[in-house]
Amino acid sequence: MTLSIQQQYKIIEATIFADKLGSTEIDVRPSIAELVLYENIEKPYVTGQITISDNNGLFDTISFSGTERIRIHLASESDIAPATIPRTFVMTSIENVIKSSDAGNSSLYVFTLIDEHAILSKAKKISRTVRDNLENEIQKICATDLKKNIDISYMFLSGDRRQRVSSIQNNFKGIIPYMHPLDACEWLRDRATTQTGAPFFLYASIHDQNLRLGNLDVMLQEDAFNKDNPYIYSPSNVQRAEEQSPLQRTFQVQHLRTAKMQNTFQQMNSGGIGSLYNNTNLNNGRISSSHFSIRNVLRDLKSNNTIPSEKIQNIFDEEFLLDGQPIDQFDSRVFHTITSTGTYGKFKSIHDEPDSTKFKKKVANISIRNMLYKNMMEVIVPGAGFLISQASVGDIIRIDVISDVIDNQRDKLKLDLLRSGNFLIYNVRHNFRDTRHDVALTVCKITRG
C-alpha cells in the first residue's frame, strides 16, 4: 500500500450557492483553512464546521443569512483505489469570526454545517396512523417526508447466514402526534428491539446520501473493516513514525485516551443491571410485574452469537455481592407503564405487549445501550483508511494496544486485553486541515480481548 505523505486528501470542489443568488456560484476552495465533519450513530444526519478565509468582504457582500448551501467534493490521495465524498450542506450559522491580519482586512469565518434533510424535518410536523413493523414505518416516513432512502443492509447477517434480523415489535397500530419526521423516526426506533433486546440505530454517513438503519445484533457480528491490518498503538511506534512504511503509518493509532471506563455504579443507577418493570392494563385492570436482570440479557446475547462463545463479556461482574446477594437481584429502578389492550381491535397499541415478559425488552434496550457507554475509548488515526474503505459509524474496527506487561517466556510484548480487539465505531470526527486528514473516533465493545 502506498500513500502520499505530502497530501493525504484533496478538495475537488467547494462551491457556495443559494436560492437568493440565482445562478451565481462562489468557489471558496482556495480559501478553506479547515473542514470538520461529524458522524454519530445516534443522529440521522451529518454535521460539521468549515473555516473560510475572507479578504474581500465576500460574506458581507452576499449578506449571509444562514440559508446558503455549500457543495463539497473530497477525494483521497491514495494509490490503492479512488475514494470520493460528494456532499451538500446548509451553512446554518456563523459560529465565529476572527480577524486574521494586523491590517484588519482579512477574517476567518467559522460556519456550522448540517445535512439539509435535518432542516427539512424541523420545518414540518406530521400526524398520521402507523401500522406494520417499526422499521418499515421508519422507511416510509423518511421516503415520504424527507425524500431519503434507507440502507437496511445493517439489518442482515452477512455470509452464508444471510438473513434479516427484524424488530420483534410488530402487528401494532399507533398515531404519530404531530411530531417532526426525524423525531417520529427516533420515537419508533427507540421502541424497536431485536429478540435479544438489542437496540436499533438510525444514522447517516459521509460516504453516501442515504440514511442507514441497523441493529446492534448484526453490527457486532460483522468482521472489522481492517481485520487484515489492525490499527496498532504503541508509544514507541508513534515516536518513530518517520521510520515506518506508508502502510504502517496508515494503520497506526496516533493518540489513545480512555476515561470513565467500567463504571458499574452508573450502570446500576440506570436500572440496566437489575430493575422492576410494572405495567397496568386499563382494559382489564391487571397489573403485571417482572424483574429484569442483566444476567439474562448477556445469556441471550451469547446464545445469539452477538457475544462469541469464546469471548468473555466485559460488562458485568457476576461474582460481585452486595449485602450478601448478586447486584442484578436488586431493583435499583422501578419502571411503570400504562397500556390498554383492545384499543385498536386486533392490533396492539405501540406500547402494548400480549406477553408480559416482552415488556422487559424495553429495559434490555436501555441496558445494552449502557453496555456500550461503559467501555468507550477515544482514538485518533490517519484518515486514509477510512476514505478508502468507506468505513463509518456502525462499522467494526480492529485496534491492538500494546500491554504494559512483557511475556517473559517469549520475551515480547503482549496485547492489552481491555483496550484491544474489535470495537464498534460510535462516533467519528473527520478533520481536514492543511495536508492532513485525521479521524477522531469514539469506539466501544462488550467483550474482553
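The values are calculated or read from the model by the stated rules, or taken from the named source; none is laboratory data. These numbers were taken from a predicted model, which means no experiment stands behind them. Using ideal geometry, Cβ is built from the backbone for each residue, glycine included, and neighbour counts are taken over all protein chains shown.
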Considering residues of segment 345-401 that are within 12 Å of LEU441 (Cβ to Cβ) and of a type in the set (Asp, Glu) only, the residue surrounded by the fewest Cβ atoms within 10 Å (Cβ to Cβ): GLU378
Unmet criterion (only one of (1) modelled with pLDDT of 85 or more; (2) on the phi > 0 side of the Ramachandran plot) for GLN254: (2)
The listed residue being within 25 Å of SER100 (Cα to Cα), among the aliphatic types (A, V, I, L, M) and assigned by TED's automatic domain parsing to the domain that holds PHE111, out of ILE16, ILE41: ILE16
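Would segment 413-423 turn up any residue that is under 24 Å from LEU202 (Cβ atoms) and not assigned by TED's automatic domain parsing to the domain that holds THR306? Don't jump to the end; show me each part of the working.
Residues of segment 413-423 that are under 24 Å from LEU202 (Cβ atoms), as a first pass: 422-423.
Cutting the leftovers down to not assigned by TED's automatic domain parsing to the domain that holds THR306 gives us 422-423.
Yes.
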Filtered residues of segment 277-294 (kept if in a strand (DSSP E or B) and of a type outside the set (Phe, Trp, Tyr)): ASN278, ASN279, THR280, ASN281, ILE287, SER288, SER289, SER290, HIS291, SER293
Filter result (at pLDDT below 85 and surrounded by fewer than 14 Cβ atoms within 10 Å (Cβ to Cβ)) within segment 402-449: ASP404, VAL405, ILE406, ASP407, ASN408, GLN409, ARG410, ASP411, LYS412, LYS414
Output for segment 26-63, where each listed residue is of a type outside the set (S, T, N, Q), outside any strand (DSSP E or B) and in contact (Cβ under 8 Å) with a residue 12 or more places away in the chain: VAL28, ARG29, ILE41, GLU42, LYS43, PRO44, TYR45, VAL46, LEU58, PHE59, ILE62
Residues satisfying the stated conditions in segment 263-302, i.e. on the phi > 0 side of the Ramachandran plot and either among the hydroxyl-bearing types (Ser, Thr, Tyr) or loosely packed, with under 14 Cβ neighbours inside 10 Å (or both): GLY285
Selection within segment 176-205 - farther than 24 Å from THR357 by Cβ and either modelled with pLDDT under 95 or of a type outside the set (A, V, I, L, M, F, W, C) (or both): ILE176, PRO177, TYR178, HIS180, PRO181, ASP183, GLU186, TYR203, SER205
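Name the one entry in ASP300, ASP317, ASP328, ASP352 that is out of contact with any helix residue (DSSP H, G or I) (no Cβ under 9 Å at 6 or more places or on another chain) and either part of a strand (DSSP E or B) or more than 30 Å from ASN229 (Cβ to Cβ) (or both).
On the way: ASP300 fails: out of contact with any helix residue (DSSP H, G or I) (no Cβ under 9 Å at 6 or more places or on another chain); ASP317 fails: out of contact with any helix residue (DSSP H, G or I) (no Cβ under 9 Å at 6 or more places or on another chain); ASP328 fails: out of contact with any helix residue (DSSP H, G or I) (no Cβ under 9 Å at 6 or more places or on another chain).
Matching residue, one of ASP300, ASP317, ASP328, ASP352: ASP352.
Can you tell me which residues in segment 302-319 are touching a residue at least 24 places away in the same chain (Cβ under 8 Å) and touching a strand residue (DSSP E or B) at 6+ places or on another chain (Cβ under 8 Å)? Spell out the reasoning first.
To start, the set of residues in segment 302-319 that are touching a residue at least 24 places away in the same chain (Cβ under 8 Å) comprises 304-308, 311-317.
ILE307, PRO308, LYS311, ILE312, GLN313, ASN314, listed by residue number.
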Matching residues in segment 134-159 - criterion: being closer than 17 Å to ASP183 by Cα and crowded, with 20+ Cβ neighbours inside 10 Å: LEU134, GLU135, GLU137, ILE138, ILE141, CYS142, ASP145, LEU146, LYS148, ILE150
Residue in segment 67-82 that is part of a strand (DSSP E or B), hydrophobic (A, V, I, L, M, F, W, C) and modelled with pLDDT of 95 or more present: yes
